[in-house]
1. Only residues that are of a type in the set (Lys, Arg) and either outside the structural domain of ASP178 (by TED's automatic domain parsing) or touching a strand residue (DSSP E or B) at 6+ places or on another chain (Cβ under 6 Å) (or both): list them for the range 134-166, please.
2. Quick check on my filter: what residues within the range 118-140 are at pLDDT 95 or above, surrounded by fewer than 18 Cβ atoms within 10 Å (Cβ to Cβ) and aliphatic (A, V, I, L, M)?
3. Out of curiosity, is ALA162 more than 19 Å from TRP123 (Cβ to Cβ), surrounded by fewer than 19 Cβ atoms within 10 Å (Cβ to Cβ) and not polar (S, T, N, Q)?
4. For residues that are within 20 Å of the chain's Cα centre (by Cα) and among the β-branched types (Val, Ile, Thr), scanning just the range 57-82, find the one that is nearest to ALA215 (Cα to Cα).
5. Kindly indicate whether ALA156 is farther than 23 Å from GLU205 by Cα, surrounded by fewer than 19 Cβ atoms within 10 Å (Cβ to Cβ), touching a residue at least 40 places away in the same chain (Cβ under 8 Å) and aliphatic (A, V, I, L, M).
6. Restricting to the range 265-280, count the residues that are at pLDDT below 95 and buried (at least 17 other Cβ atoms within 10 Å of the Cβ).
7. Yes or no: the range 83-98 includes at least one residue that is out of contact with any strand residue (DSSP E or B) (no Cβ under 9 Å at 6 or more places or on another chain), surrounded by fewer than 21 Cβ atoms within 10 Å (Cβ to Cβ) and small (Gly, Ala, Ser).
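The values are calculated or read from the model by the stated rules, or taken from the named source; none is laboratory data. Here the structure is a predicted model, which means the values were calculated and not measured. Because the Cβ atoms are built from the backbone with ideal geometry, glycine has one as well, and the counts that use them run over all protein chains shown.
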Amino acid sequence: VFQNEYLSDGATDVHAVVSITCTGAGTAGTGGSGEASEIIIIDTSGSMDMPSSKIAAARRAGKVALDEIVDGAWFAVMAGHTIAQMVYPEHPGLAKMSEVTRGEAKEAVGRLRSGGATAIGAWIAAATALFEQAPAGQRHAILLTDGKIEGEDERALDRSLAAATGLFQCDCRGIGNDWVVDELRQISTALLGTVDIVAKPDDLEADFEQMMKVAMSRGVADARLRVWAPQGSTVQFVRQVAPQVEDLTSRAAQVSPLVVEYPTGAWSDESRDYHVAGGR
C-alpha cells in the first residue's frame, strides 16, 4: 500500500494505491477454484458478409480459440444474429472439451454462415442460461460483433446484463468500423471484461488466441477486494489503474457496516494496482 502518511491539518480525504500480486494461480479449472467454462459468441448477422472476409476471419478465429481451451473444460459456441443459435453442441448445453469434441466444434464453426440482425441482448441472455448450468468455477465468454444492436427493444441489453452480472466475465471485440463502442463497453464493464477493436479481419485469429490463452491461465476463479473504512468515514471510490483502467466503485457490496468488497474477477499470476480514496 502506497499512501501519503502525513496529511495536512484539516484534511478529510486520503488516497492510497494498493498493489496486489497473485502467484501460484495455476490454470483455469485447477487449484481448487472449480471447473472452467467457456462460451464463444460469434456475430453471424448479415453484415458479417459485407465483406465476406469478416465471417471467414471469424471462422478461423473461433477454431483457434477452441484450440486454446484446456481439455476437461466445459464449453459451447453460439452464433449470434436475430437470436442466439447453438453451433456446438447442437442443443442448448455445454460440452466437455476433448480431442473429439474439439474437432467436432471446429467443423461446426467452419460451417458458419451470415444472416439476420444483431440482437446482442439475446446473445447475453442465452449465454447466461448456459452458464447457469455450468459447475461452479471460472465462467468466461468471448463476444465478437461487427455492428450495432438491432432487432430487439432498447432495454433488452440492460435486462440481460442485470441477470448476467456476477455470473460470468466477458471479453468483447468489435471487428470493422460499424460497431458501437459504448454498447460493447457497457457489456465489458458490467461483466468484468475487456473491449477492443480488431480493425483488420486478418488480426482476429491472433486476438482470439491471446484472449483464450489469458482466460485459461486464470487459476483463481473469483477474487474480491475488501476495504475497511473507520466509523464516520466512507469509501469514495475504488478504481483499477493498472494494467488497465476500470472503475469498480459502482460494484461495491456491503459486507458489514464498515466493510465493503469489490469483485475483481478471475486472476492468473499477475499484479494489479488499485486507487482507493476515502474521507469524511
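1. So in the range 134-166, the residues of a type in the set (Lys, Arg) come out as 139, 148, 155, 159.
ARG139 - this is the single residue of the range 134-166 that is of a type in the set (Lys, Arg) and either outside the structural domain of ASP178 (by TED's automatic domain parsing) or touching a strand residue (DSSP E or B) at 6+ places or on another chain (Cβ under 6 Å) (or both).
2. ALA129
3. Working: more than 19 Å from TRP123 (Cβ to Cβ): no; surrounded by fewer than 19 Cβ atoms within 10 Å (Cβ to Cβ): yes; not polar (S, T, N, Q): yes.
Against the criterion (more than 19 Å from TRP123 (Cβ to Cβ), surrounded by fewer than 19 Cβ atoms within 10 Å (Cβ to Cβ) and not polar (S, T, N, Q)), ALA162 does not qualify.
4. ILE69
5. no
6. So the answer is 5.
7. yes
Okay, residues lined up against (1) at pLDDT 95 or above; (2) over 30 Å from ASP269 (Cα atoms); (3) in contact with a Ser or Thr (Cβ under 9 Å, 6 or more places away or on another chain):
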{"residue": "SER8", "(1), (2), (3)": "no, yes, no"}
{"residue": "ASP13", "(1), (2), (3)": "no, yes, no"}
{"residue": "VAL18", "(1), (2), (3)": "yes, no, no"}
{"residue": "THR21", "(1), (2), (3)": "yes, no, yes"}
{"residue": "ALA25", "(1), (2), (3)": "no, no, yes"}
{"residue": "THR30", "(1), (2), (3)": "no, no, no"}
{"residue": "MET50", "(1), (2), (3)": "no, yes, yes"}
{"residue": "ARG59", "(1), (2), (3)": "yes, yes, no"}
